[in-house]
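The values are calculated or read from the model by the stated rules, or taken from the named source; none is laboratory data. Note that the coordinates shown come from a computational prediction; the quantities given were computed from them, not determined experimentally. FYI the Cβ positions are ideal-geometry reconstructions off the backbone, even for glycines, and counts take in every protein chain you see.
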Amino acid sequence: MKRRAAFTLIELLVVIAIIGLLISILLPSLQAARRSARGLRCATNLRQIGVGWTIYADQNDGTVVPGRPGRFADANRNVYWVGNGYQFRPRWYVQMGAEAGFYAFNQPSPDPAQDNLKQVDGNEVFLCPEVAERTNNRNYAFGYNYQFLGNARFKGGSESNGFINFPLPIDRIRAASSTVMCADAMGTAAGKPRRSRTEYRTDGSSDVFAWGNHAWSLDPPRLTPESDFCDDNNRAPEHRSAIETRHGAKANVMYCDGHVGFETFESLGYEAGADGAIGVGTGRAHNRFFSGTGEDAGPPPIQ
């Protein structure tokens, strides 16, 4: 009788070892490819947001969308039409929907109690696939250059003093191709050492150490004692916001002329310490890519 051909145990172990080796070699490349694809999807989403930003300005006499409207004493003035419903004090990306025709929320809410509970569920262009869990209205994935493009908080915290920096005509942005409109944002975790940062809070709760905390607002690199900070309840250098380099050690950045760049902290003028904490600008930090003029201007003062 002929003997049936078969692998010996040693041969099987060799084959398994080879397969394991190939997987270990290929897996990092596959993971890198997936990260790259997510980064490209994020950039595409930002371009769509940029289109909405421009449409909003076109439909509002050339005025760009504010970061977020201030809280008026008259409660009726705190509710805004956002295209598919009414929303309490909508943040910049939500308010664009009134003109752009694509919406951050399927069901906006005028109820202040729902403000920090809302989740971005209306259109995937408002999301970053690299941090798909960051859907909270407050602890958002992308931060807006609100200090230079539209800070509608009140000077000195008083409605009677008017806005800190609003309205802003779009034609005052003289260096649109080099002015940040929005970007991947870290929130208040940016001012903390990397090891001190805590997990993202999808429920909208406040934790100044958490990744993405209050990240809808993006601070420029150089802040001053007179300037605002992303979280107006925690105005302090250690609670500043900054970009987040979540795509292969770079951040996707949307510029006011409609193009997306891939930037590092240094290329945008931020100062990152050895521990990862972003400073407020005591050395080489500058605001040339945030000011709208291409110059290193300080943010508009809060008083």
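Across the stretch 44-64, the number of residues qualifying as assigned to a helix (DSSP H, G or I) and within 21 Å of the chain's Cα centre (by Cα) comes to 14.
Is one or more of the residues making up the stretch 176-194 under 22 Å from Ala104 (Cβ atoms), small (Gly, Ala, Ser) and part of a loop (DSSP other than H, G, I, E, B)? Checking the stretch 176-194: not a single residue is under 22 Å from Ala104 (Cβ atoms), small (Gly, Ala, Ser) and part of a loop (DSSP other than H, G, I, E, B). Does Gly204 satisfy the condition of being in contact with a strand residue (DSSP E or B) (Cβ under 7 Å, 6 or more places away or on another chain) and surrounded by fewer than 20 Cβ atoms within 10 Å (Cβ to Cβ)? It is true that Gly204 is in contact with a strand residue (DSSP E or B) (Cβ under 7 Å, 6 or more places away or on another chain) and surrounded by fewer than 20 Cβ atoms within 10 Å (Cβ to Cβ).
Put simply, of Arg71, Arg38 the only residue that is at pLDDT 85 or above, under 25 Å from Val120 (Cβ atoms), over 21 Å from the mean Cα position of the chain (by Cα) and of a type in the set (Lys, Arg) is Arg71. Go through the residues of the stretch 26-42 one by one and say whether even a single one is buried (at least 19 other Cβ atoms within 10 Å of the Cβ) and either of a type in the set (A, V, I, L, M, F, W, C) or assigned to a loop (DSSP other than H, G, I, E, B) (or both). Yes: the stretch 26-42 contains one or more residues that are buried (at least 19 other Cβ atoms within 10 Å of the Cβ) and either of a type in the set (A, V, I, L, M, F, W, C) or assigned to a loop (DSSP other than H, G, I, E, B) (or both).
Of the candidates Arg222, Arg194, the single residue that is crowded, with 21+ Cβ neighbours inside 10 Å, farther than 21 Å from Arg138 by Cβ and of a type outside the set (Asp, Glu) is Arg222. Against the test of being part of a loop (DSSP other than H, G, I, E, B), touching a Gly at 6+ places or on another chain (Cβ under 8 Å) and of a type in the set (S, T, N, Q), the options Ser206, Ser241 yield a single qualifying residue, Ser241. What number of residues within the stretch 233-248 satisfy the criterion of being exposed (fewer than 15 other Cβ atoms within 10 Å of the Cβ) and among the hydrophobic types (A, V, I, L, M, F, W, C)? Selection size over the stretch 233-248: 1.
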